[in-house]
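Enquirer: Quick one: this structure, given as structure tokens, is what I'll be asking you about.
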Amino acid sequence: MPVCFGKWKSVYAYFRRWASSGLWTSLLARISEPQRDDEYLMIDSTSSRVHQHAAGPVGGQLAHAMGRSKASLSTKIHLACDALGYPLGFILTGANVSDFDQCKPLLKAHLQPQSFAIMDKGYDSDAIRAYVNQLGGVAVIAVNSSRNQKPAFDEHLYRERHRIENLFSRLKSFRRIATRYEKLHVTFAAMVTLACLLIWLKY
């Protein structure tokens with residue numbers, strides 16, 4: 001910790017206090033709400049590998065959004081962004097949790113009426129399409145090739161999904177997001193939120 005920030009214990013105490021109170025989440029909502037472009041909502045996920053020093057949290061790995069994928073112990077960041085590729089909100093889970101299960105909470109929290117919900121084929125489901133319609137949106141979801149009956153979707157509009165991939169690249173330019181060093185769910189979530197805030201502030 002650079003000396004100009006004071007004692008590291010004091011800085012960490014404030015950080016934990018603000019994280020636990022929901023301050024960082026409130027700041028993200030306050031900054032994004034007046035500037036967000038609601039023409040599209042894009043949802044996808046990426047994984048952050050858990051550093052070995054963070055792999056033993058009190059309460060167990062499952063309680064702190066850690067799970068084993070084929071590659072390693074990781075945390076999955078399920079993220080929603082606006083039409084311009086700016087982050088709106090996220091959910092943290094273990095890497096072994098399906099993207100499908102986290103889709104509805106993100107849609108409910110961030111999809112606006114008449115907006116297009118753009119997602120890849122990992123979210124291809126009649127239930128998700130019906131839920132988007134129920135919320136007043138329009139589903140643009142890539143069709144899984146294994147489906148017998150393939151619903152139509154706007155392939156031209158689907159190309160806009162590259163914006164959320166670009167957002168993941170920007171998030172992972174932060175070292176503490178590319179690799180998870182925090183043991184606790186609350187502190188890692190705060191780090192992800194801080195990275196999202198910096199993207200909105202155009203670091």
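The values are calculated or read from the model by the stated rules, or taken from the named source; none is laboratory data. Owing to the predicted nature of the structure, the values given are computational and were not obtained by experimental measurement. No Cβ is skipped: glycine too gets one built from the backbone with ideal geometry, and neighbour counts run over all protein chains shown.
Enquirer: Please give the number of the condition Pro2 fails out of (1) within 14 Å of His185 (Cα to Cα); (2) free of Cβ contacts under 8 Å to residues at least 24 places away in the same chain.
Expert: Looking at each condition in turn, Pro2 falls short on (1).
Enquirer: Taking Lys7, is it farther than 26 Å from Asp101 by Cα and basic (Lys, Arg)?
Expert: It is true that Lys7 is farther than 26 Å from Asp101 by Cα and basic (Lys, Arg).
Enquirer: I would also like to ask the following. Among the residues that make up region 28-38, is at least one of them touching a Leu at 6+ places or on another chain (Cβ under 8 Å), outside any strand (DSSP E or B), free of Cβ contacts under 8 Å to residues at least 60 places away in the same chain and more than 28 Å from Leu111 (Cα to Cα)?
Expert: If we filter region 28-38 for residues that are touching a Leu at 6+ places or on another chain (Cβ under 8 Å), which is where we start, we get 28, 31-32, 36-37.
Narrowing further to those that are outside any strand (DSSP E or B): 28, 31-32, 36-37.
Narrowing further to those that are free of Cβ contacts under 8 Å to residues at least 60 places away in the same chain: 36-37.
Going one step further and asking which of them are more than 28 Å from Leu111 (Cα to Cα), we end up with none.
No: region 28-38 contains no residue that is touching a Leu at 6+ places or on another chain (Cβ under 8 Å), outside any strand (DSSP E or B), free of Cβ contacts under 8 Å to residues at least 60 places away in the same chain and more than 28 Å from Leu111 (Cα to Cα).
Enquirer: Could you tell me which of the residues Gly56, Gly89, Gly85 is touching a residue at least 60 places away in the same chain (Cβ under 8 Å), in a loop (DSSP other than H, G, I, E, B) and either crowded, with 19+ Cβ neighbours inside 10 Å or under 12 Å from the mean Cα position of the chain (by Cα) (or both)?
Expert: The conditions single out Gly85.
Enquirer: For region 92-111, which residues satisfy the criterion of being more than 12 Å from the chain's Cα centre (by Cα) and over 21 Å from Asn133 (Cα atoms)?
Expert: Passing the criteria: Gly94, Ala95, Asn96, Val97, Ser98.
Enquirer: Now, a different point. Failed condition for Gly136, given (1) modelled with pLDDT of 95 or more; (2) farther than 30 Å from Ala63 by Cα; (3) surrounded by 12 or more Cβ atoms within 10 Å (Cβ to Cβ), with all others met?
Expert: Looking at each condition in turn, Gly136 falls short on (3).
Enquirer: Hey, does region 93-101 have a residue that's buried (at least 19 other Cβ atoms within 10 Å of the Cβ), over 26 Å from Trp24 (Cβ atoms) and at pLDDT 95 or above?
Expert: no
Enquirer: Sticking with this one: Yes or no: region 156-164 includes at least one residue that is buried (at least 18 other Cβ atoms within 10 Å of the Cβ) and within 18 Å of Ile91 (Cβ to Cβ).
Expert: Checked against the condition, which is being buried (at least 18 other Cβ atoms within 10 Å of the Cβ) and within 18 Å of Ile91 (Cβ to Cβ), region 156-164 yields at least one hit.
Enquirer: Return the residue satisfying two criteria in turn: it lies in region 59-71 and is on the phi < 0 side of the Ramachandran plot and assigned to a loop (DSSP other than H, G, I, E, B), and of such residues it is modelled with the lowest pLDDT.
Expert: Ala71
Enquirer: What number of residues within region 145-201 are free of Cβ contacts under 8 Å to residues at least 40 places away in the same chain, farther than 29 Å from Ala63 by Cα and part of a loop (DSSP other than H, G, I, E, B)?
Expert: Within region 145-201, residues that are free of Cβ contacts under 8 Å to residues at least 40 places away in the same chain, farther than 29 Å from Ala63 by Cα and part of a loop (DSSP other than H, G, I, E, B) number 10.
Enquirer: Being surrounded by 19 or more Cβ atoms within 10 Å (Cβ to Cβ) and hydrophobic (A, V, I, L, M, F, W, C) is the filter here, so list the residues in region 25-49 that pass it.
Expert: Leu28, Leu41, Met42, Ile43
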